[in-house]
1. Within the chain, what's the longest run with no GluC sites (Glu not before Pro) in a DSSP loop and at most 12 other beta-carbon atoms within 10 Å? Give the range, please.
2. What's the magnitude of the charge dipole for the chain around its Cα centre, counting Lys and Arg as +1 and Asp and Glu as -1 at the beta-carbon? Answer in Debye, nearest 20.
3. So for the pair L143, S54, with labels modelled 7 Å out along Cα→Cβ, what separation do we get in nm?
4. Please give the helix 138-148 orientation as an angle from the longest Cα principal axis of the chain, in degrees from 0 to 90, rounded to the nearest 10.
5. Sorted by accessible area (1.4 Å probe), largest first, how do W22, W173 line up?
6. Kirkwood Rh over Cα pairs of the range 1-152 into Stokes-Einstein at 37 °C, 0.692 mPa s: D in µm²/s?
7. Under a crude label model (7 Å from the Cα following the beta-carbon direction), how far is K43 from S67 in nanometres?
8. T127 to A31: extension gain in nm, 0.36 nm per residue of separation minus the Cα-Cα distance?
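The values are calculated or read from the model by the stated rules, or taken from the named source; none is laboratory data. Computed from a prediction, not measured in an experiment: that's the story for all the values here. Neighbour counts are summed over all protein chains in view; Cβ atoms, including those assigned to glycine, are modelled from backbone coordinates with ideal geometry. With ligands, DNA and RNA removed, areas are computed over all heavy atoms of the protein, side chains included. Shrake-Rupley method; radii C 1.70, N 1.55, O 1.52, S 1.80 Å.
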Amino acid sequence: MRELSLFSGAGGGVYGSKLLGWETVGYVEFAEYPQKVIAQRIKDGIFDEAPIFSDVRSFVSEGYARSYQGMVDVVSGGFPCQPFSVAGKRAGSDDSRDMWPATMDVIKIIKPAYVYLENVPGLLSATMDDSAGRSIHYFGTILRDLAEGGYDVRWGVLGADDVGARHHRKRLWILAESSSK
């Protein structure tokens, strides 16, 4: 599987992908320090040699996403959780850190066979106002966007404790499979 990693962080998810035998063909990470970590892991031979892009929005607007059409099997990423976390203001689409729209832009352009996403469980209960001013669930928007993009979606909440760890750290996992693959 050839993976494009969005919101790569320092590469924890990428490391998991490597354990599965996946090849990373691109990294998109906004923060400078995690970019340096990824670059060092590439230099050390731990991660695959691939470009590191800095901002998912410019990755789209500058045409880089289009250059990945036909070469990516899975787009993965944990788009920023701060807009949806119960520990924050839960501003959702009104939060400048809401990167779901840019994530979906990448998916629509690249059209991978699979999309594998992670976020906080608070995303399930986060709301936003629709164009008529009605409060709707943000997660419903994500499901609709993926369905309109031609994906069948499954999701679930799992935590570290579900695999034997002593802490909970629950996460929402979303797997979308192209209905045309």
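1. The longest uninterrupted stretch comes out as 63-181.
2. 300 debye
3. Going by the 7 Å Cα→Cβ label model, 3.8 nm.
4. For helix 138-148, the angle is close to 60 degrees.
5. Putting W22, W173 in descending order of accessible area: W173, W22.
6. The calculation lands on 205 µm²/s.
7. In this crude spin-label approximation the distance works out to 2.2 nm.
8. 31.8 nm
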